[in-house]
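Asker: Submitted below is the structure of interest, expressed as structure tokens.
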Amino acid sequence: MKFGVLVFPGSNCDRDIAWVTQGILGQPTRMIWHEESDLSDIDVVVVPGGFSYGDYLRCGAIARFSPVMRSTIDHANAGKLVLGICNGFQVLTEAGLLPGALVRNRDLHFICDRVPLRVERNDLVWTQNYQKGQVVELPIAHGEGSYYADADTLKALEDNDQILFRYCDPSGNLTPESNPNGSLNHIAGICNRQGNVLGMMPHPERASDRALGCVDGLALFESILKAVPALV
């Protein structure tokens, strides 16, 4: 399986992703500059964290118009896998691949921390190596990570089980104190209706190397490896 990691001016988590996919898991990985458009050799497109185009105008708003994102939309519409992390999640909502938007954190502060998340389902390509209801800990680092959507969109996400991760306390409870950025419905990660596009604000790639003291994020990448042979 081959991963493609998008690289925009301002990306800063692209090499973190490559270290996990290529360095730890030994999978072919290609760094794809934002002006490229050929994704024909890629199985999984990863839109990494950072500050694409300096986050000018609005987070992810300019990246949405890049040649590589036009190809990423085609990749997703063909049923292939797309993962957006942090700024990548913002880009995916701007591109219309995922509903809703990421807005300023509730307290208007940049947050850099490790937080508990509850896994809402484990029957998708992204979460097979987790247990439903499992609480994991992943890093977050964002200033605009509060998930927002209108009431109809939120209802559709709930009704269609598109919420994969929610912020919670260490016991899995959804409390006001356990919601670090004010995301509606404690949303930390969602997928599209088909399940092949995932956007999440927490960083699984920063919790995948034992040298960092936590590997709760590695199961996400291992889940992809388990699932992709059945998809291709």
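The values are calculated or read from the model by the stated rules, or taken from the named source; none is laboratory data. Note that the structure is a prediction, hence the values are computed from the model and not measured. Quick reminder, even Gly has a Cβ in these numbers, built from the backbone with ideal geometry, and neighbours come from all protein chains shown.
Asker: Note down all Cβ pairs under 6 Å where the first residue falls in region 170-188 and is in contact (Cβ under 8 Å) with a residue 24 or more places away in the chain, the second is small (Gly, Ala, Ser), and they're at least six residues apart or on different chains.
Answerer: That search, which allows pairs on different chains as well, returns Asn181/Gly145; Asn181/Ser146; Gly182/Ser146; Ser183/Ser146.
Asker: If you don't mind, another one. I'd like the residue in region 155-173 that is out of contact with any helix residue (DSSP H, G or I) (no Cβ under 6 Å at 6 or more places or on another chain) and buried (at least 16 other Cβ atoms within 10 Å of the Cβ) and, out of all such residues, is farthest from Pro48 (Cα to Cα). Can you show your working first?
Answerer: Within region 155-173, the first condition is being out of contact with any helix residue (DSSP H, G or I) (no Cβ under 6 Å at 6 or more places or on another chain), and the residues that meet it are 155-162, 164-165, 170-173.
Filter once more, so that each one left must be buried (at least 16 other Cβ atoms within 10 Å of the Cβ): 157, 162, 164-165.
Numbers: Leu157: 23, Gln162: 21, Leu164: 18, Phe165: 18 Å.
Looking at the filtered set, the residue picked out is Leu157.
Asker: Another one. Restricted to region 190-223, and to residues that are of a type in the set (A, V, I, L, M) and modelled with pLDDT under 95, which residue is surrounded by the most Cβ atoms within 10 Å (Cβ to Cβ)?
Answerer: Across region 190-223, the extreme among qualifying residues is Leu212.
Asker: A further question on this structure: Suppose the filter is of a type in the set (Val, Ile, Thr) and part of a loop (DSSP other than H, G, I, E, B); does Val125 pass it? Can you show your working first?
Answerer: Values: of a type in the set (Val, Ile, Thr): yes; part of a loop (DSSP other than H, G, I, E, B): yes.
Considered against the rule, which asks whether it is of a type in the set (Val, Ile, Thr) and part of a loop (DSSP other than H, G, I, E, B), Val125 comes out as yes.
Asker: Name the residues in region 55-113 that are over 15 Å from Ile190 (Cα atoms) and of a type in the set (Val, Ile, Thr), would you?
Answerer: Ile62, Val68, Thr72, Ile73, Val103, Ile111 - these are the residues of region 55-113 that are over 15 Å from Ile190 (Cα atoms) and of a type in the set (Val, Ile, Thr).
Okay, residues lined up against (1) over 22 Å from Leu81 (Cα atoms); (2) modelled with pLDDT of 95 or more; (3) not small (Gly, Ala, Ser):
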residue	(1), (2), (3)
Gln128	no, yes, yes
Ala151	yes, yes, no
Ala156	no, yes, no
Asn160	no, yes, yes
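Asker: Being buried (at least 21 other Cβ atoms within 10 Å of the Cβ), at pLDDT 95 or above and charged (D, E, K, R) is the filter here, so list the residues in region 17-65 that pass it.
Answerer: Residues satisfying the conditions do not exist here.
Asker: Helices (runs of 4 or more DSSP H) wholly in region 1-117 with at least 3 residues that are polar (S, T, N, Q) and touching a residue at least 12 places away in the same chain (Cβ under 8 Å) - which ones?
Answerer: Hits in region 1-117: 87-94.
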